[in-house]
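Shown below is the structure under consideration.
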Amino acid sequence: MKIAIFNGSPRKQNTFALAQAFKEGAESAGHEAEIYNVGQMKIAGCLGCEYCHTKGEGNCVQKDDLEQILPAYKEADVIVFASPVYYFTMTAQMEAAIQRVYCIGKPLKAKKAVLLLSSGSDGVYEAAVAQFKAYMGYAGIEAAGIITAHGEENKSQAKLDEIKEFAKTL
């Protein structure tokens, strides 16, 4: 099974450990997993210009780092979104990467998706979770799990082990 892990942190320390733990767990179960650090890429927001659905034939008019991750969106059986929550939602970088998939409509093969959220405080996940669930509902993809970590949990071995074990179950 192919798993694409999209890490929305612009700083490597935030959700990188969570994404890495997921990758390790998935690979130990025999899956192929790749992390795409979209938080460090240059991906502009969707322009809503409709080029992709007219002249572009599924290709976006904007030429940026989306082109590096679009094949993963098309080929993954499972999609994982790992994002810090700075101000009640996923990062702007993650949101741009999600919204730009508009050019193909939705991930083509994915049957399951997972959300990994990191924050400094507990109780700030509601908007990000709602956004994830709405997107998965639209795309017809099972929301297979949501794991959150806040404060010291972000670096705890117990949380990383929880994520690894969850990844093995997919």
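Could you look through the stretch 43-62, keep only residues that are closer than 17 Å to Tyr73 by Cβ and either free of Cβ contacts under 8 Å to residues at least 24 places away in the same chain or not small (Gly, Ala, Ser) (or both), and pick out the one that is surrounded by the fewest Cβ atoms within 10 Å (Cβ to Cβ)?
My answer is Glu57.
Go through the stretch 140-166 and count every residue that is buried (at least 16 other Cβ atoms within 10 Å of the Cβ), in a helix (DSSP H, G or I) and of a type outside the set (Val, Ile, Thr).
Result for the stretch 140-166: 7.
If Ala110 passes every condition in (1) surrounded by 21 or more Cβ atoms within 10 Å (Cβ to Cβ); (2) not in a loop (DSSP other than H, G, I, E, B) but one, which one does it miss?
(2)
Follow-up question, since we're still on this one. Within the set of pairs 6+ apart or on separate chains, which have a first residue in the stretch 74-86 that is assigned to a loop (DSSP other than H, G, I, E, B), a second that is charged (D, E, K, R), and C-beta atoms under 9 Å apart?
Listed pairs, sorted by first residue: Ala76/Lys2; Ala76/Glu34; Ala76/Lys109; Asp77/Lys2; Asp77/Lys109; Asp77/Lys111; Asp77/Lys112.
Rundown of residues vs (1) within 19 Å of Ala4 (Cβ to Cβ); (2) modelled with pLDDT of 95 or more; (3) over 13 Å from the mean Cα position of the chain (by Cα); (4) of a type in the set (A, V, I, L, M, F, W, C), yes/no style:
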{"position": "Val38", "(1), (2), (3), (4)": "yes, yes, no, yes"}
{"position": "Glu50", "(1), (2), (3), (4)": "no, yes, yes, no"}
{"position": "Gln62", "(1), (2), (3), (4)": "no, yes, yes, no"}
{"position": "Asp65", "(1), (2), (3), (4)": "yes, yes, yes, no"}
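Here's something else I'd like to know. Can you list residue pairs whose Cβ atoms sit under 6 Å apart, with the first residue in the stretch 115-128 being more than 8 Å from Thr148 (Cβ to Cβ) and buried (at least 24 other Cβ atoms within 10 Å of the Cβ) and the second being modelled with pLDDT of 95 or more and not aliphatic (A, V, I, L, M)? Count only pairs 6 or more apart in sequence or on different chains.
Here the result reads Leu115/Phe81; Leu115/Phe132, each pair linking the stretch 115-128 to a residue that is modelled with pLDDT of 95 or more and not aliphatic (A, V, I, L, M).
Here's something else I'd like to know. Checking Tyr86 against (1) modelled with pLDDT under 95; (2) in contact with a strand residue (DSSP E or B) (Cβ under 7 Å, 6 or more places away or on another chain); (3) among the hydroxyl-bearing types (Ser, Thr, Tyr); (4) crowded, with 16+ Cβ neighbours inside 10 Å, which single condition isn't satisfied?
(2)
The values are calculated or read from the model by the stated rules, or taken from the named source; none is laboratory data. Please read all numbers here as calculations on a predicted model, not as lab measurements. Counting neighbours? That spans all protein chains shown, and the Cβs are built from the backbone with ideal geometry, glycine included.
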